[in-house]
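Take a look at the structure below.
The values are calculated or read from the model by the stated rules, or taken from the named source; none is laboratory data. Everything numeric in this text was worked out from a predicted model, so none of it was measured. Glycine gets a Cβ as well: all are built from the backbone with ideal geometry, and neighbour counts include every protein chain shown. The accessibility values were calculated without ligands, DNA or RNA, using every heavy atom of the protein model including side chains. Shrake-Rupley method; radii C 1.70, N 1.55, O 1.52, S 1.80 Å.
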Amino acid sequence: MTESQPIPTANLDPAEVARTIATTPDEQLAEGMRSEMRGQILDEIFSRMEEHFDAAKAGSVDAVIHWKILGRPDGGEDLYELIVRGGACKLSPEPAEQPRVTFAIDSVAFLRLVTGNASGPDLFMQGKLKIEGDLMFAAQVAGLFKVPQAAA
């Protein structure tokens, strides 16, 4: 497989990915997130958020969540929009709605956060996670998802 070919991801086990992220140094994660694989990695994570969404915990939540993943090689950011509505979570192909909350986070911290290897409150207190909008709702967002556990 060449570097330009997509990595087959259908059989990736979220717990195994979490363990791998847990044992990979930040420098290596950063290198991967500066590569041409960045878009595929982020797209895979966000598409799986729909699968890991816990509708029972969402109740009647109606919210738009924006994620700004910082540190693109060109100095820009990647923007993803999740819409939580009607007991479902959908990834929007084109962010267009006004968000209830926006998270801005470096790509390495993001990988650690979504794999359960870092906590949102800790990242926020360290200045690695910026939050705009409804802070009370922001504190509840992680509880809407089943986060993979890295523990063996």
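Could you check how much of the accessible area of region 31-152 is carbon and sulfur, as a whole percent, using a 1.4 Å probe?
Working: 3530 of 6410 Å².
The C+S portion of the solvent-accessible surface of region 31-152 is 55 percent.
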Relative to the first principal axis of the alpha-carbon coordinates of the chain, what is the inclination of helix 14-23, with its axis defined by its Cα atoms, in degrees from 0 to 90 and to the nearest 10? 60 degrees
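Calculated from DSSP H runs of 4 or more alone, at -39500 (n - 2.57) each and per residue, what is the 222 nm mean residue ellipticity of the chain, nearest 500?
Numbers: 7 runs with 59 residues, N = 152.
Dividing the helical sum by the residues of the chain leaves -10500 deg cm²/dmol.
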Phe145 long-range amide H proximity, modeled H, under 5 Å: Asp54
Accessible area of the chain divided out per residue, in Å², using a probe of 1.4 angstrom: 57 Å²
Shape call for region 68-152, from the Cα gyration tensor axes a ≥ b ≥ c (a/c under 1.5 means rounded, otherwise prolate when a/b beats b/c, else oblate), comes out rounded
Compute the long axis of helix 38-52 from its Cα atoms, compare it with the longest principal axis of the Cα atoms of the chain, and write down the angle in degrees, 0 to 90, nearest 10. 40 degrees
Restricting to aspartates and glutamates and to Cα separations under 20 Å from Lys57, and discarding same-chain partners fewer than 8 apart, the set is Glu81, Asp134
So if each residue of separation counts as 0.36 nm, and I subtract the Cα-Cα distance between Glu77 and Asp43, what length gain in nm does that give? 10.9 nm
Rounded, prolate or oblate: pick one for the chain, where a ≥ b ≥ c are the square roots of the eigenvalues of its C-alpha gyration tensor, a/c under 1.5 means rounded, and failing that, prolate if a/b is larger than b/c, else oblate. rounded
Quick one: putting +1 on the C-beta of Lys and Arg, -1 on the C-beta of Asp and Glu, what dipole do you get for region 29-152 around its Cα centre, in Debye to the nearest 20? 320 debye
So what are the ³J(HN,Hα) numbers for region 74-80, from phi and the Karplus equation (6.51, -1.76, 1.60; θ = phi - 60°), rounded to whole Hz, Gly and Pro as x? 7, x, x, 9, 9, 10, 10
Under 15 Å from a point placed 7 Å out from the Cα of Gln28 along the Cα-to-Cβ direction: which residues of region 41-71 have their backbone N that close? none
